[in-house]
1. Residues of region 16-29 being surrounded by 14 or more Cβ atoms within 10 Å (Cβ to Cβ) and not polar (S, T, N, Q), which ones?
2. Count, please, the residues in region 1-52 that happen to be basic (Lys, Arg), under 23 Å from VAL84 (Cα atoms) and under 16 Å from the mean Cα position of the chain (by Cα).
3. Only residues that are of a type in the set (Asp, Glu) and part of a loop (DSSP other than H, G, I, E, B): list them for region 15-56, please.
4. Name every residue in region 1-15 that is more than 20 Å from SER134 (Cα to Cα) and crowded, with 16+ Cβ neighbours inside 10 Å, in order of residue number.
Amino acid sequence: MKQVRLAHTTRVPLAFEEAMRCFTPVGERAWVEGWDPAFPAGEPAAGDDGDAPDTVFITHDETIWVVAERGEALVRYARVTPGVMAGTVTVRCAPDGEATAAEVTYVLTALGPEGEPRLEALADGFPAYIDGWSRAIADRLLP
């Protein structure tokens, strides 16, 4: 099966702490169209971003996510879309003036024939895809 390791850094137009929140399961609801993770153990309490290690959530495409690691400047997720692909997504942030540099790394392995073309498509447009995150954050979160 095919495996990809993709990394790209984008500049998020928010201060560091605000930017880090954008990459949490709950925080992404504010800027990702259609993002509404379900938490099998129960919705996080108000003010909780659902980013504590070992938190499990499921997205609309039946992808199962587990918060594998959370630090001050990093969040890493394990993710599995059954029969399609599995791997990790890591976001590492650093202050960049009044903005934040966000390095996004995907390491994914196709689990079957359906996964290979999806990985190829992701690889082909990865920098533009990640830069789109910055534009979406600006469009939805800036006045």
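1. Residues satisfying the conditions are PHE16, GLU18, ALA19, MET20, ARG21, CYS22, PHE23, PRO25, VAL26, GLY27, GLU28, ARG29.
2. 1
3. Of everything in region 15-56, those that are of a type in the set (Asp, Glu) and part of a loop (DSSP other than H, G, I, E, B) turn out to be GLU33, ASP36, GLU43, ASP48, ASP49, ASP51, ASP54.
4. Scanning region 1-15 gives a single hit, VAL4.
Readers should treat all values here as calculations from the given coordinates under stated rules, not as data from a laboratory. Keep in mind that what you see is a predicted model, and the values were worked out from it rather than measured. Cβ atoms come from the backbone with ideal geometry, glycine included; neighbour counts cover every protein chain shown.
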